[in-house]
Amino acid sequence: EHGGTPNWNVSVEDVPSMRLPAIDRDVLDAQDAVTDQYKEAPWRFGVEHEVSWSSETHGSWTSENGQLVWRLLIDGADATCMSLRFQHFEVPKGGQLFLYAADHSEVLGALDHRSEKEWGGLATGVVQTNALVVEYHQPLGLAASPLLDIDQVVQGYRSLSGWPHGPNDHDRGP
C-alpha cells in the first residue's frame with residue numbers, strides 16, 4: 001500500500017454493482033466438518049468465484065476534481081470479507097487503486113504501478129466487508145490507461161483466525 005484516500009463523497013448507491021451468489025452455509029459447514037479434521041487439507045475461509053470483470057466493460061468512469069475515476073461495487077451477499085485477484089493489473093505512474101468497505105470502515109490502498117507482480121497481475125489482501133468498492137484514480141492529463149481485469153473474487157464466510165490447527169490447538173489429533 002502506498003498511501004492516499006478514495007473519494008468518500010460519492011454515494012455507493014450510484015456505483016454500478018456485480019452481485020455474488022448467496023452463501024450456502026449448510027453445504028459449506030458440512031464440507032468443512034470433514035476437511036477441518038486434517039491438517040494437510042487447505043483451510044478454507046471463503047468461496048472462490050471465477051469472474052470476468054474489467055475496467056473496460058464493468059463499473060463506471062467519471063471525472064472528479066481533476067481525476068479520471070473508475071468504480072465498481074461488488075455485493076458479496078452475506079460475506080464476512082472479500083479479496084480480489086486481478087489477472088491483469090497494469091497501472092500507469094500516477095494511477096491509484098483502492099478497495100474499501102462500502103460503509104467506509106476499512107480501506108486497502110493505494111495500490112499503484114509498484115504493486116504489480118512479475119506475472120502481470122495482483123492478488124489483494126482481504127477487506128472485512130460484504131460490499132466492496134473497487135475505485136481507481138488517475139490525473140485527467142495522464143495519457144496511459146490502466147488494465148484492470150478481475151478474474152477471481154473470494155467471498156469469505158469464516159473468520160480468518162478460525163483455523164482449527166493453530167498454535168493453541170494441542171488437543172487435536174493428526
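With contacts taken as Cα pairs under 8 Å at a separation of at least 6 residues, the chain carries a relative contact order of 33 percent. Computed with a 1.4 Å probe on the full set of protein chains, the accessible area for Ile150 sits at about 0 Å². Taken about its Cα centre, the chain carries a charge dipole of about 320 debye when Lys and Arg each add +1 at the Cβ and Asp and Glu each add -1 at the Cβ.
Considering only Cα atoms, the convex hull volume of the stretch 27-90 works out to 147 Å³ per residue. Using a probe of 1.4 angstrom and keeping all protein chains present, the accessible surface of the stretch 23-147 works out to 49 square angstrom per residue.
Stretched out straight at 0.36 nm per residue, the stretch from Leu28 to Thr62 would grow longer than its current Cα-Cα span by 8.3 nm. Under the simplified labelling scheme, the Ser145-Ser159 pair shows an inter-label distance of 4.5 nm, with each label point 7 Å from Cα along Cα→Cβ. The translational diffusion coefficient of the chain, from Stokes-Einstein at 20 °C and 1.002 mPa s with a Kirkwood hydrodynamic radius over alpha carbon pairs, comes to 124 µm²/s. Loop-located chymotrypsin sites (Phe, Trp or Tyr not before Pro) in the stretch 41-148 (DSSP state other than H, G, I, E, B) with a sparse environment of at most 16 neighbouring Cβ atoms within 10 Å: Trp43, Trp119.
Please identify the longest segment of the chain free of exposed trypsin sites (Lys or Arg not before Pro), where exposed means a DSSP state other than H, G, I, E or B and no more than 13 other Cβ atoms within 10 Å.
Here the longest segment lacking exposed loop sites spans 118-171.
For the stretch 95-122 versus the stretch 64-80, the inter-centroid distance based on Cα atoms is 12 Å. Across the chain, the longest piece that holds none of the GluC sites (Glu not before Pro) lying in DSSP loops with up to 11 other C-beta atoms within 10 Å covers 41-117. As I understand it, the value is the acute angle between the Cα axis of helix 25-35 and the longest principal axis of the Cα atoms of the chain; what does it come to in degrees, rounded to 10? Result, in degrees: 60.
Counting protein heavy atoms only, the stretch 3-132 has 48 percent of its accessible area on carbon and sulfur, 1.4 angstrom probe. Here Thr124 sits with roughly 20 square angstrom of accessible surface, probe radius 1.4 Å. Think of the stretch 1-77 as a dipole: +1 on every Lys or Arg Cβ, -1 on every Asp or Glu Cβ, centred on the Cα centre; then among Gln67, Asn7, Thr57, Gln67 lies furthest on the positive end. Mean separation of Cα pairs under 8 Å and 6 or more residues apart, divided by the residue count, gives the stretch 88-162 a relative contact order of 42 percent. Put Leu147, Leu111 in order of accessible area, highest first, and with a 1.4 Å probe you get Leu147, Leu111.
Coupling constants for the stretch 4-13 follow from the phi torsions by the Karplus curve (6.51 cos²θ - 1.76 cosθ + 1.60, θ = phi - 60°), and in residue order they are x, 9, x, 8, 6, 7, 9, 6, 5, 5 Hz; glycine and proline get x.
The values are calculated or read from the model by the stated rules, or taken from the named source; none is laboratory data. Only a predicted model underlies this, so the values are computations on that prediction, with no experimental measurement involved. Neighbour counts are summed over all protein chains in view; Cβ atoms, including those assigned to glycine, are modelled from backbone coordinates with ideal geometry. Areas reflect the complete protein model, heavy atoms only, side chains present, ligands, DNA and RNA absent. Shrake-Rupley method; radii C 1.70, N 1.55, O 1.52, S 1.80 Å.
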